[in-house]
Every structure is written in C-alpha cells, then in structure tokens.
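Heads up, the thing below is written out as structure tokens.
The values are calculated or read from the model by the stated rules, or taken from the named source; none is laboratory data. Model, not experiment: these values are computed from the prediction. Counting neighbours? That spans all protein chains shown, and the Cβs are built from the backbone with ideal geometry, glycine included.
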Amino acid sequence: MKRKMTIYSSLFLLAVACVLSASTFQEKGNKNGKGQKGKNDKDQSKHGNPGKDKAQGNDHAAKNAENARGKNSQGKPDKEDKVKMNGKPSQEVRKNDRRYASEYGMLGYNWSRENFKDRKSFRKQDKVTICHKFVNGSESPVSIRVSANAAKAHLNHGDVMGDCPALNDSRYSDRYWRNRSDYYNNVQYNQEQVLYSSSILDYALQRLAGSRSQLAIMQSNNTPLADIQRKQQVVNGLEENVSVLEQLIGLATNVVVNKLM
Amino acid sequence: MKKNKLLVLALAGMCVTFSACTGQKTNNKEEIEIKTMDSTSNVVKESADKLEEQTKKVEASLEKLDNEFQTP
C-alpha cells in the first residue's frame, strides 16, 4: 500500500514539475525581451493583441496588416511588395498614397518660389506621441511618434494624444510589443517622408516645365551660348535627381501602403 | 496493478510532452513574428532614409535652378 502511494505521488509530482517547466520556458522568452529594453519601453508594454486583420474587406490591406504583425513566415517583406519595389510607382500606388494622405489630411505642402526658401519652417518635425487606432478596429492600437504636421490629421481620424492605455496580454513578450511599436514608428516616418518628398517632386516638375520654356525663349532671343549651356546643365541635373526621386517615392509608397490604415 | 501503473505513466508522459510542445510552439511563433517585423521594419526605414537623401538632392538642385533662373 505504502509503495503504491509512493508511485502515485511521484507521478503526480512529475506531472506538476513538467507543467511548471513548460510555463517557465514561456516566461524565459518574455525575460529575454526585457533584457533588450530601449527608449520606447513605455510604449510597448501598453498594447493589446495583434488582432484579427483578416476581417478587413480590402485584401491588400489585410495582407499588409498581416505583414505588420509578422505573419510572413519567411521573415521578409511579402512577394508583392518586392515586385513593386523594383518598379516605378504605379497609378494605383500613387492613388493609394493620395487616399491615405487625404484621409489623414497631410497634403498640406503647396510650394512656391517664396515659401520653398522657408520650407524648413513649414515642415514641423517636432514629434508628439499619439495612440493610433486602426480603421477597422480589429487590431490593437499602437503608440507612435508623429510630427506636429501629421498629429492633427491623426486626431481628426479618431486617434488620441499620449500613449495607448495599458493592456494585460501575456501572450506576447515585452520584446514583441517593443518591436511592434518600432515597426509602426518606422512606417509613420516613411509615410511622412513620402508625403513631403511627393510635394517636392510636384514642385520640381512644375519648375522644370517653367525652366524649359524659359530656355526655349532664351535660345530664340540669341542669348549667349555659354549662358544657355550653363542653365541647361542645371536643368539636366534637376531632371536626373527628379527621376530618381520618383522611383524612390514609388518604392517607399509600396513598402508602407495601407499599413497604418 | 501493473497495468494501472503503466497507464498512469503513459498519461504523465503525454502530459509532459504536450506541455513542453505548447510552450515551445508559442515561443517559436513569437520569434518568427518578431523576425518578420524587424526585417520589414528595416526595409521601411531604409527606403525612408534613401528617400530623404534623394529629396535633399532635389532641393539642392532646385536652389541651383533658382539661382540660374531668377525670374519666375
């Protein structure tokens, strides 16, 4: 009888020990994350679960959101992004970019010769923290840093100032939440850069057209050849830079399109 | 008696395996998600940095243009 009791109690203890070891294993993962805390720690511990983005009606948006949450098991941007990254901005991409921009009211740059000189003062780069809510509400909000220019548009969209409220979700480690926040901060930074660069691109194209017309007039007015050549060189330089910028805008837009929607 | 003992042992073994596997699965899933996020995040950051750099070049070219073409 005594022997029987001993066997059963040992088995029970063994089972308890195994359950405990399994939970410790999980906890270890969380602690690993804590060891790498950075300046954004405050943000990361405050988010909920990664959500159910597949509920989105828009397939592309769902795909991007999946990417944002790390659903691409190959650890790389998805295939579609890669394909688009190699090409010029497609019409649809530019349209999406504009749609995003108008949703967030960030197309505030309208350059002229006068205000272009003071562009640094127009582009407020001071950052504020907001709690960004996703349009369909199926993904947990995320605390991100946005420029003062973009903040108002975000607030109009339902986001709130300050960090997101704390959520107790032990399914993911601190490291996961920290990386998620970093990820969305980079998306926001990219988006703001795309919008600013697009406005510069539009202005540059406008200026190029004007300069070409002026050059044509100068040629017919017998302006000295050296002057014309010098001006032509400046126009060519701008043309080259504009062409590269256009491609980079397409690339950057494709990488982030719809990710904050 | 011996049968019961074997049954209990088998059950305990199953419990151990199940617990260990569940824990590991959760952890691996998170690791994959983190790696994917980091990788995409780097691509996003790099493209934004390149864009910023190129925008500065265009701005510089526009300033040169302003100097060459004084009248609008």
Test of understanding: among A:Ile249, A:Ile200, A:Ile217, which residue is of a type in the set (A, V, I, L, M, F, W, C) and surrounded by fewer than 21 Cβ atoms within 10 Å (Cβ to Cβ)? A:Ile217
Could you check, for segment A:189-198, whether at least one of its residues is part of a helix (DSSP H, G or I), of a type in the set (Asp, Glu) and within 26 Å of B:Ser41 (Cα to Cα)? yes
For segment A:175-193, the count of residues that are under 10 Å from B:Thr55 (Cα atoms) and among the hydrophobic types (A, V, I, L, M, F, W, C) equals 0
May I ask you to list the residues in segment A:167-185 that are within 7 Å of chain B (Cβ to nearest Cβ) and in a helix (DSSP H, G or I)? A:Arg175, A:Tyr176, A:Asn179, A:Arg180, A:Asp182, A:Tyr183
Let me confirm something: among B:Asn4, B:Asn42, which residue is at pLDDT 90 or above, part of a helix (DSSP H, G or I), more than 7 Å from chain A (Cβ to nearest Cβ) and surrounded by fewer than 19 Cβ atoms within 10 Å (Cβ to Cβ)? B:Asn42
Looking only at segment A:247-259, decide whether some residue is without any contact (Cβ under 8 Å) to a residue 40 or more places away in the chain and either facing chain B (nearest Cβ under 8 Å) or small (Gly, Ala, Ser) (or both). no
Go through (1) surrounded by 14 or more Cβ atoms within 10 Å (Cβ to Cβ); (2) over 30 Å from A:Ser140 (Cβ atoms) and name the single condition A:Asn254 misses. (2)
If a residue must be at pLDDT 85 or above and aromatic (Phe, Trp, Tyr), how many such residues does segment A:121-131 contain? 0
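Here's the yes/no breakdown for (1) touching a Gly at 6+ places or on another chain (Cβ under 8 Å); (2) modelled with pLDDT under 85:
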{"residue": "A:Leu107", "(1), (2)": "no, yes"}
{"residue": "A:Phe116", "(1), (2)": "no, no"}
{"residue": "A:Arg119", "(1), (2)": "no, no"}
{"residue": "A:Lys133", "(1), (2)": "yes, no"}
{"residue": "A:Ile144", "(1), (2)": "no, no"}
{"residue": "A:His154", "(1), (2)": "no, no"}
